[in-house]
Structures are given as structure tokens and as C-alpha cells.
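Just below is one structure, and these are the notes that go with it.
The values are calculated or read from the model by the stated rules, or taken from the named source; none is laboratory data. Model, not experiment: these values are computed from the prediction. FYI the Cβ positions are ideal-geometry reconstructions off the backbone, even for glycines, and counts take in every protein chain you see. Keep in mind that these areas ignore ligands, DNA and RNA; they rest on the heavy atoms of the full protein, side chains included. Shrake-Rupley method; radii C 1.70, N 1.55, O 1.52, S 1.80 Å.
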Amino acid sequence: GVCRAIRLGLKVASAPSLGDAGDIARTVGWFTRGSRELRALDQCGLLSELLPELEACMRLPSNDSVHRYSVGEHTLRVIESLDHSRSAGRDEGVWSEVSNPRPLILAALLHDVGKVDKSAPHSETGARIAEEVCRRLGVSDDERSTTVWLVLHHLDLVHIARTHDLAHPSTYRKLVKDCERADRLAMLFLLTLADTESVGPGVLTPQLEASLRELYSRARELIGVEAIPDDPAVFRSEAERRLRAGVQGDIEELLRTMPTHYLLATPTELFPLHADYIKRASEGETIVQFQHDQDANTTEVTICTRDLPAPGLLSRIFGIIYALDISVHAARAASTETKDSIALDTITVSFQGKPLPVGLCRVLSSELKKRLGSGEEVDEFLRSHGKDPNRAQTMLTHT
């Protein structure tokens with residue numbers, strides 16, 4: 001009755017206790033229809049009876065500095081984001097993979113209920129609670145297993161997008177194996193976008209959204225493939241076969257010496273430029289180039305220099321970037337597979353939410369060329385800008 005009333009434009013201020021919920025399958029069918037129904041059920045007091053697990057954390061603040069809303073308000077905003085995505089035709093191709101959206105809505109409702117128990121990661125606790133809720137509500141076996149799976153894995157795509165090389169085949173192997181089905185991958189992607197967008201303004205940055213879309217697109221291509229080869233040589237030979245047409249001279253040397261993930265991630269039109277960078281770096285020069293993207297409000301910094309004999313070059317690059325209060329959004333690091341290797345790293349950055357100003361580009365370029373050869377030089381630069389190079393990671397929580 002409440003759900004039908006809201007569709008007629010009527011407001012139900014309060015409702016009597018459910019007592020016997022009656023046909024629970026029909027009840028679940030109504031409250032998984034969308035955000036309007038859920039808001040109405042919450043306002044009249046029935047949602048807490050249907051889902052006491054959600055009610056337990058409805059007004060619980062999230063213990064981090066990123067979430068702007070309580071767990072309950074964030075949850076309802078996730079459902080609203082999904083509604084808007086579907087009605088506006090956004091990601092129409094992804095939605096077409098979802099024949100039954102009920103597990104997606106249930107997972108969106110339950111994805112953060114595990115935050116009431118801080119003894120374990122909330123995705124794990126939430127999956128256990130989701131299992132219990134689905135059984136109590138009589139959800140079918142397939143819907144239940146998909147709902148629980150989505151709750152358990154709802155943080156995975158953001159973690160992969162932020163920390164993994166999206167061009168490397170190994171990034172997708174476990175994800176595709178876990179998903180198994182195209183509809184599960186689609187629901188996980190849609191839930192991830194809605195969840196991230198509903199945390200607060202500016203959390204779903206253009207860079208993160210682009211990475212999530214690339215991750216979904218690449219993983220979707222592998223769903224249904226009988227066997228994803230584990231042998232890197234398979235990917236190497238395939239990449240070289242596609243790229244060798246029409247290349248010659250220094251570019252041929254580039255294809256021979258650069259790692260496979262570089263070949264897969266780099267547009268072919270950049271090969272001649274990068275081949276020139278590597279040739280100059282092998283002669284002792286350090287190249288720093290900037291490419292501004294006004295639409296994404298970022299700058300792509302390409303650094304090519306002789307690699308260090310031991311790991312640490314990327315750490316020094318980040319140290320100099322950190323000293324200058326520049327924000328890092330993504331990084332792709334590659335080195336030639338030769339005796340005296342050359343590093344070719346591309347870092348996507350911004351300054352105060354915008355591309356790097358010209359003056360800051362000059363400073364960054366100068367300091368990178370001057371200090372990358374010495375860890376002490378980088379430490380000194382950090383101290384001169386009020387940063388402690390030995391500072392341990394800390395967490396500040398304010399409630």
C-alpha cells in the first residue's frame with residue numbers, strides 16, 4: 001500500500017506495524033523497485049521492520065574522512081544513483097547485461113550493513129549478514145548467492161582501479177574468474193559507480209571513473225573465454241604481432257626491449273616519440289615532458305631516464321611530487337629489459353584540482369632532472385618543503 005501510494009503521489013506519514021508480513025516474496029518485489037519506495041517505507045517506519053539490519057546502522061557515521069553521510073543516508077543515495085543511471089539511459093549497454101536487477105538492489109541496500117561490527121572488514125561481515133537476510137526474506141538461491149557475492153566484492157573494482165596496472169593481463173585474471181558471468185560483472189560495475197558517487201561530492205573523479213570503465217571493458221571481453229592463458233609469452237607474442245606492422249629502426253628496438261604491459265597500454269602513435277626518449281636517456285639525458293588534459297583537469301608527466309641499479313627510482317619521483325603538494329591520480333611504470341635499463345614512467349597528476357601551472361611544471365622538471373640520482377637529494381628537498389621523508393603512515397579520525 002505504501003509503495004503504491006508513493007507512485008500515485010501520496011505521502012504516508014506513518015503506518016501500523018507489519019505484524020505478519022504475509023506474502024514476503026511480493027513484499028521483497030516492492031521494496032526492491034527503487035529509491036522512491038524505499039524512502040517512503042523509511043519515512044513511515046516500515047523499512048526498519050523489513051530490514052532491522054539496515055536500521056541498526058541507519059544513523060551510524062562512517063569512520064573515515066571521505067564519507068559525507070551516515071551509512072543509512074549513503075545507502076539510500078546509492079539506490080537513487082542506480083535509479084538515475086537506469087532511467088537516464090546512462091550505461092545502457094551495461095544495464096542490458098542485467099536481466100534481473102533485484103540482487104543489485106538488495107546488495108546496494110546491504111553493502112554497508114557490516115559497518116556495525118568493526119572486528120572484521122565490513123565487506124566480509126556484510127556478506128554474512130546479507131546471507132542471513134536473504135534466507136529470512138525467502139530470496140531464491142541464485143539471487144541470494146549473487147547478492148552475497150556483490151556485498152563481499154563491492155570494494156574490489158575501486159581497489160584494482162587505484163592500485164593495479166590496467167594494461168597487464170594478470171589484473172583481470174582473478175576478477176574474471178570470480179565473476180564468471182557477464183551479469184555479475186555488470187552489476188558489480190554499476191554498484192561500484194553508484195557507491196563511489198554517493199560517498200560525497202568529488203569522490204568519483206574523472207580519472208577514477210575512466211579507470212573503472214576501462215577495467216570493466218577489458219574484463220567483459222574475457223568473460224566466457226574458455227581459458228585465460230597464464231603464460232606471459234602468449235600475451236607478448238600477440239602484442240608484438242599486432243604492433244610490428246609498419247615499424248622500423250628505433251621503434252623495432254623499442255618493441256624488442258620494452259615489457260609487454262607497456263606495449264598493451266601505449267598508443268602506437270607514441271612509439272616514435274618514446275623511442276627517441278629512450279635513445280636520449282641512454283646517452284645520459286633525463287627527459288621530462290608534460291601533456292595537459294583540460295577536460296580531466298590533469299597533467300600527464302612522462303619521465304625517461306637511466307634506471308637505478310636497485311629499486312627506488314619511482315619512490316624518488318613520488319618524493320619530489322609530494323614535496324611540491326602535487327596530487328597523483330595514476331602511474332604507469334616501465335623499464336627496458338636490457339643490461340643498462342632505461343625507465344619510462346608516466347604519472348597522471350593535478351594541482352589543486354587543475355592541470356599543473358606552467359611555473360610548477362618548470363620547477364618539477366628542474367628538480368626531477370637534478371635530484372633523481374640521489375636519495376639524499378630527494379630527502380633534502382622534502383625537508384626544505386616542510387615534509388618528513390621518514391614519516392610513518394598515520395590515520396586521524398574526527399567524529
Query - Filter result (closer than 21 Å to A25 by Cα, more than 21 Å from the chain's Cα centre (by Cα) and among the hydrophobic types (A, V, I, L, M, F, W, C)) within region 99-121 - result: L106
Query raised in the report: Can you find a residue in region 298-309 that is part of a loop (DSSP other than H, G, I, E, B), in contact with a strand residue (DSSP E or B) (Cβ under 8 Å, 6 or more places away or on another chain), of a type outside the set (G, A, S) and touching a residue at least 60 places away in the same chain (Cβ under 8 Å)?
Result: no
Report task. Take the residues in region 276-326 that are more than 16 Å from L344 (Cβ to Cβ), modelled with pLDDT under 90 and of a type in the set (A, V, I, L, M, F, W, C), then tell me which one is least open to solvent (accessible area, probe 1.4 Å). Result -> A296
Query - Condition broken by R371, with the remaining ones in (1) modelled with pLDDT under 90; (2) touching a helix residue (DSSP H, G or I) at 6+ places or on another chain (Cβ under 7 Å); (3) more than 15 Å from I287 (Cβ to Cβ) satisfied - result: (1)
Query raised in the report: So which residues in region 219-245 are among the charged types (D, E, K, R) and modelled with pLDDT of 85 or more?
Result: R220
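On the given criteria, is P389 more than 23 Å from A281 (Cβ to Cβ) and either crowded, with 18+ Cβ neighbours inside 10 Å or touching a His at 6+ places or on another chain (Cβ under 9 Å) (or both)?
Details: more than 23 Å from A281 (Cβ to Cβ): yes; either crowded, with 18+ Cβ neighbours inside 10 Å or touching a His at 6+ places or on another chain (Cβ under 9 Å) (or both): no.
Answer is no for this residue.
Which of the following residues is within 22 Å of P267 (Cβ to Cβ) and either among the charged types (D, E, K, R) or buried (at least 18 other Cβ atoms within 10 Å of the Cβ) (or both): L368, L344, L372, L364?
Values: L368 fails: within 22 Å of P267 (Cβ to Cβ); L372 fails: within 22 Å of P267 (Cβ to Cβ); L364 fails: within 22 Å of P267 (Cβ to Cβ).
Among L368, L344, L372, L364, only L344 is within 22 Å of P267 (Cβ to Cβ) and either among the charged types (D, E, K, R) or buried (at least 18 other Cβ atoms within 10 Å of the Cβ) (or both).
Per-residue answers, yes or no, for (1) surrounded by fewer than 20 Cβ atoms within 10 Å (Cβ to Cβ); (2) among the small types (G, A, S); (3) touching a strand residue (DSSP E or B) at 6+ places or on another chain (Cβ under 9 Å); (4) not in a helix (DSSP H, G or I):
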| site | (1), (2), (3), (4) |
| --- | --- |
| L54 | no, no, no, no |
| R59 | yes, no, yes, yes |
| T75 | no, no, no, no |
| D83 | yes, no, no, no |
| R90 | yes, no, no, yes |
| E97 | yes, no, no, yes |
| P103 | no, no, no, no |
| G114 | no, yes, no, no |
Query - Scope region 1-32; condition open to solvent by 40 Å² or more (accessible area, probe 1.4 Å) and in contact (Cβ under 8 Å) with a residue 40 or more places away in the chain; matching residues - result: I24, A25
